[in-house]
Every structure is written in structure tokens, then in C-alpha cells.
Number of protein chains: 2
Amino acid sequence: MQKFKNIGLKLTPQRLAILGFLEGNPDHPSAEDIYKAVSVQFPTMSLATVYNTLDALREKGYIIELTIDPAKKRFDPFTKMHHHLICTSCKRVKDIHADFMLDIPEQVRGDFRITGNHIEFYGVCPVCGNGHERRI
Amino acid sequence: MQKFKNIGLKLTPQRLAILGFLEGNPDHPSAEDIYKAVSVQFPTMSLATVYNTLDALREKGYIIELTIDPAKKRFDPFTKMHHHLICTSCKRVKDIHADFMLDIPEQVRGDFRITGNHIEFYGVCPVCGNGHERRI
DNA sequence: TTCTTGACAAGAATTATTATTATGTGATAA
DNA sequence: TTATCACATAATAATAATTCTTGTCAAGAA
């Protein structure tokens, strides 16, 4: 909560609502998701404000922008290094907090200086693959 | 080339041109990129045709759609399992053909059935990080 | 004053629509 | 067997429509 003030962002009800919705949220919501959720309390809220706030938060490093969805951006309040497990059927995304040692062989890496990585795991979630294992 | 016929797709000059442009192309072009390139030979080509063809090829498994770019979709003719190294400065993407053993601990994976993974490595390419290492 | 909001316009990427055109296929003729 | 033709079907191109995101700017709050 204090976050905002300390980093040069004014504390507004809209921003608090957005931050509140994001904090601890493991659902990787899109801007639209956030807009819908927050609109309940703030019916006058503008979608542009959501984008503005998300962008401000991202710049300050309080959220990260995920590219796991080809259709839209998704946002994640967990900025600590982690990975994602995506259900290829229902598209649900689960956080994976685990470390992997990944060394790219030098001849493959070339002269790149590696700074990080992000793993997308694909799979079928319990709901979609409940025992029956129906293949298409 | 025969591919198309055998999988129930009609062979058209436009599709051949798109396939030809993609084959062996390591640049992960967007639909727009492909459109521009192929338009040289086929000035009447429509962007919708590019999207149609890409979608048909993807459905048949001849290309994969990448989500590494938040702004647009990118396409890759290399359907074999591989990963990507992205320059955080110039956004250039390099293929990484290497295998990594990635086992998610069972308590983290839950009841998901893992089917695959894709790693995005981030780094600074030789061009962007040429000795001087200028940080912003 | 300075920053933020909200309304709306604008832009970019993608998808949908539809009349027109080209392709593959099967039948027929050589 | 090979070539030709007609036709059903699928693909193209033009354009409209949608969706997601960003930009603009006047009005309001800090």
C-alpha cells in the first residue's frame, strides 16, 4: 500500500482498487478482467485508467506483463522469478515456483549475454483431463 | 511441396509463396512481415490470405505460432521442439536447439499432465552489448 | 501547479464476410 | 494410359468489423 507513495505515484482510489485486485491474485488477469472486477466498486472507472495504472506499475517493477496469451496481455503481481504451466485445453495458467538450472551450451548461445529465462510448461489440467483422457 | 495436397489443402501460388518464404526462415516473421515479403512477387496478395494460410498451416502442424512478442503473433517453420533467446534490447530472436531436462516437482505440478515446454531465454545480443555494455 | 481521471478518438493486429476466382477430382474422350 | 472438361469445393481479395491497446485532452483532485 505504501508502495505507491514511495515510488512517486499518487495514491488514488482507482489505483488502490486495481492494486488490491492484483495482490495475491494467481489468475494472471487481463486488463479487461481487471476492469470488470474493479468496475463493481468503481462504476465510473475507465479502461484507459486500468491500462495507465498497469503500465505505471510495470514500469516501477511491481507487476510483470506476461506474453503467454497470444490474444491479449496478462498481468502478474508475482515479480519474483517464476514460471508458468498452461493448460492447453482451458488455457488456465498455474504458477510454478521452482528453480531450474539452465545452461545454454556456448556454441549455441553465441555471444549473447544471458540475463534470465522464463519457462512455459504445457499440459492438461485436472479438470480437463479428469481420468477419461479423451483425446480428440 | 506435396505436403499440401496430401493433407487436404489446395495448392495455390499464394500458398506456395508463403510456404517458400517460411521454409528455413529463422527470423520468426509476423503476418505483416510475410505479407510484405510475398507481395513483391504477388502484388495482389491480400493480408487476409496470409492469415488464412498461416492458420491452415498451423492447424496442420507445419508451422507453430509464437507468443514471444506481446504486440503481434510470430510464426516459426521449425516445429521440432526448440527454444528461443530474445535480445531484450533489439528484440531479435535466436533459435536454441538444445534439450533441457525439466522435471517439475510433483507437489508443484499437482494433477497436471505435462506435455511439453518452451523456454524463453533473455539476454543481450552481440550487436546491442558490443563491449561497451552501456546500461540505460 | 502537477498529476490523474475519464471519455473518446485513434491505431494496430486480427478476424469475419462475401462475391469472385482458381483448384482438385472424377468422368469422359483420345 | 494419358489428356481434357465440367463441376463442386475451397481459396482469394477486398473490405468491413472486432478486439486490444494507446493517445489526446479537458476537467478535477492533490
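The values are calculated or read from the model by the stated rules, or taken from the named source; none is laboratory data. Quick caveat: nothing in here was measured; it's all calculated off a predicted structure. Every residue, glycine as well, gets a Cβ built from its backbone with ideal geometry; the counts of neighbours run over all protein chains shown. Ligands, DNA and RNA are excluded from the accessible area calculation, which covers all protein heavy atoms including side chains. Shrake-Rupley method; radii C 1.70, N 1.55, O 1.52, S 1.80 Å.
Please go through the stretch B:1-21 and pick out each residue that is in contact with a Phe, Trp or Tyr (Cβ under 7 Å, 6 or more places away or on another chain) and aliphatic (A, V, I, L, M).
B:Leu11, B:Ala17
Within the stretch A:77-136, which strands (runs of 3 or more DSSP E) (wholly inside it) include 2 or more residues that are modelled with pLDDT of 90 or more, within 7 Å of another protein chain (Cβ to nearest Cβ) and open to solvent by 80 Å² or more (accessible area, probe 1.4 Å)?
Values: elements: A:83-87, A:93-96, A:113-124.
Correct list: A:113-124.
Being among the hydroxyl-bearing types (Ser, Thr, Tyr) and more than 10 Å from every other protein chain (Cβ to nearest Cβ): is that true of A:Tyr62 here? Walk me through it before giving the result.
Details: among the hydroxyl-bearing types (Ser, Thr, Tyr): yes; more than 10 Å from every other protein chain (Cβ to nearest Cβ): yes.
So A:Tyr62 passes the test.
Can you tell me which of (1) of a type in the set (D, E, K, R); (2) within 16 Å of DNA strand D (Cβ to nearest atom); (3) within 11 Å of the chain's Cα centre (by Cα) is the one A:Asp95 doesn't meet?
Evaluating A:Asp95 over (1) of a type in the set (D, E, K, R); (2) within 16 Å of DNA strand D (Cβ to nearest atom); (3) within 11 Å of the chain's Cα centre (by Cα) leaves (2) as the failure.
Checking A:His28 against (1) modelled with pLDDT of 95 or more; (2) part of a helix (DSSP H, G or I); (3) not acidic (Asp, Glu), which test does it fail?
Of the numbered conditions (1) modelled with pLDDT of 95 or more; (2) part of a helix (DSSP H, G or I); (3) not acidic (Asp, Glu), the odd one out for A:His28 is (2).
Counting only residues that are more than 14 Å from the chain's Cα centre (by Cα) and not β-branched (Val, Ile, Thr), how many does the stretch B:25-50 have? Show your work before the answer.
Restricting attention to the stretch B:25-50, the residues satisfying the condition of being more than 14 Å from the chain's Cα centre (by Cα) are B:35-50.
When the remaining residues are screened for being not β-branched (Val, Ile, Thr), the result is B:35-37, B:39, B:41-43, B:45-48.
Counting residues in the stretch B:25-50 that are more than 14 Å from the chain's Cα centre (by Cα) and not β-branched (Val, Ile, Thr) gives 11.
I'd like to know if the stretch B:45-60 contains one or more residues that are part of a loop (DSSP other than H, G, I, E, B) and within 12 Å of DNA strand C (Cβ to nearest atom).
Step one: of the stretch B:45-60, the residues part of a loop (DSSP other than H, G, I, E, B) are B:45-46.
Now narrow it down to the ones that are within 12 Å of DNA strand C (Cβ to nearest atom): B:46.
Within the stretch B:45-60, one or more residues are part of a loop (DSSP other than H, G, I, E, B) and within 12 Å of DNA strand C (Cβ to nearest atom).
Within the stretch B:3-53, which residues are small (Gly, Ala, Ser), free of Cβ contacts under 8 Å to residues at least 12 places away in the same chain and either in contact with a strand residue (DSSP E or B) (Cβ under 7 Å, 6 or more places away or on another chain) or within 7 Å of DNA strand D (Cβ to nearest atom) (or both)?
Within the stretch B:3-53, B:Ser46, B:Ala48 qualify.
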